[in-house]
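Read through the structure below, which is laid out as structure tokens, and then see the notes.
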Amino acid sequence: MAAIVRQGEAATAANIRARVPASVPLPEQDHFIEMVVAEFAALHAGNAVRFGLRPLELSAWRNQRVEPR
């Protein structure tokens, strides 16, 4: 999640799929992506630190992207 935010990319399934760690088994990747999309939908300044993000990073990302919240 931090990589997507820091790169200023959209939180789309395609962008998430491009960053799925090799440790996630292929049969579980779709579920993993669904979970990450849900985490992005629930992301706010109070829980951003769980993903290694500072609230200001999250705010800057949201201001430059039009994302569903």
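The values are calculated or read from the model by the stated rules, or taken from the named source; none is laboratory data. Here the structure is a predicted model, which means the values were calculated and not measured. For neighbour counting, all protein chains shown are included, and Cβ atoms are generated from backbone atoms with ideal geometry for every residue, glycine included. For accessibility, only protein heavy atoms count, side chains too; no ligands or nucleic acids. Shrake-Rupley method; radii C 1.70, N 1.55, O 1.52, S 1.80 Å.
Output the peptides 46-54, 21-29 sorted from most to least packed, where packing is the average of other Cβ atoms within 10 Å over each peptide's residues.
46-54, 21-29
Before anything else, pin down the relative contact order of the chain: Cα pairs under 8 Å, at least 6 apart, normalised by residue count, whole percent. Answer for the chain is 40 percent. A 1.4 Å probe run over the protein chains yields, for the chain, 65 Å² of accessible area per residue, whole-number rounding. Distance in nm between label sites at Ala45 and Ser23, each 7 Å beyond Cα in the beta-carbon direction? Result for the modelled spin labels: 3.1 nm. Stretched out straight at 0.36 nm per residue, the stretch from Ala2 to Arg62 would grow longer than its current Cα-Cα span by 20.3 nm. Calculation over all alpha carbon pairs of the chain in 10 angstrom steps from 0 returns a P(r) of 20, 55, 23, 2 percent.
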